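Take a look at the structure set out below.
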Amino acid sequence: MIERIHLATGNPGKAAELERLLGCPVLPIEGWEPPVEDGDSFLANARLKARAGAARCPGAWVVADDSGLEVDALDGAPGVHSARYGGDGLDDAGRTAALLAAVADAEDRHARFRCVLVAIGPDGEEVVADGTLEGTLARAPRGAGGFGYDPILIPAGDSRTCGELTRDEKNAISHRGTAARALRDTLGL
């Protein structure tokens, strides 16, 4: 039985979100210094962070995630570079504006959020779970909920952006929620 999981992050908010999704205690790693995320995929970056976290917390379950937005009109970009899209020094609003400018004339506005979770157990066992949320890009940001690109992704089958959904509505369909439920089922939480 897994009593708690350490999350390869120093962000208590991210740990609290994953705790809600997994249904077990999730603790951020104190003094977390993330490794350089130089992988070419969400899986590679999540694995880098999970392994670094496992080295910091021997004998414990450690989970790491990597996630971002993939836009078909940009050949999958920003992808693993979602948090840095548009250049250094931009905040969420700046990155969102840069992305909307890049697809302003695009007819294909299909996009998806993708999340990969990697869990490493006390014995070194690795478990991978992933999730996606398919949708389309809005023409302008809408809604004050969530973070990152939430105000511009309209989930398939809805007319609201992720930024307009309640936390519970978003968690029920989100890429991170889907990945967390898959991980929870695999780990028997």
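Quick note: the coordinates plus some simple rules give every number you see, no bench work behind them. The shown structure was predicted, so the numbers you read here are calculated from the model rather than taken from an experiment. No Cβ is skipped: glycine too gets one built from the backbone with ideal geometry, and neighbour counts run over all protein chains shown.
Listing for the model above:
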{"read-out": "Ranked by how many other beta carbons lie within 10 Å on average, peptides 166-175, 6-15, 25-34 from highest", "value": "6-15, 166-175, 25-34"}
{"read-out": "Degrees between helix 92-102 axis and first principal axis of the chain (Cα, 0 to 90, nearest 10)", "value": "50 degrees"}
{"read-out": "Cβ-derived FRET efficiency at R0 22 Å, D40 paired with A98, nearest 0.05", "value": "0.55"}
{"read-out": "Given charges at beta-carbon only (K, R positive; D, E negative), |dipole| of segment 81-188 in Debye", "value": "280 debye"}
{"read-out": "Enclosed volume per residue, in Å³, of the convex hull spanned by Cα atoms of the chain", "value": "111 Å³"}
{"read-out": "Farthest positive-ward along the chain dipole, Cα basis, beta-carbon charges - from I173, V116, L99", "value": "I173"}
{"read-out": "Residue with peak Gaussian network fluctuation, the chain [Cα springs, cutoff 10 Å], from G157, G53, G79", "value": "G157"}
{"read-out": "Sparsely packed chymotrypsin sites (Phe, Trp or Tyr not before Pro) within segment 82-189, loop by DSSP, other Cβ within 10 Å at most 12", "value": "F147"}
{"read-out": "Residue order, fewest to most beta carbons within 10 Å, for R181, R20", "value": "R20, R181"}
{"read-out": "Calculated FRET value between R139 and E3, using beta carbons and R₀ = 30 Å, to 0.05", "value": "0.05"}
{"read-out": "Check: the chain dipole with +1 on Lys, Arg Cβ and -1 on Asp, Glu Cβ, in debye", "value": "420 debye"}
{"read-out": "Inter-label distance, nm, simple model (7 Å from Cα along the C-beta direction), N11/D185", "value": "2.6 nm"}
{"read-out": "Whole-percent pair-distance distribution, where bins are 10 Å wide, for the alpha carbons of segment 25-77", "value": "23, 45, 22, 10, 1"}
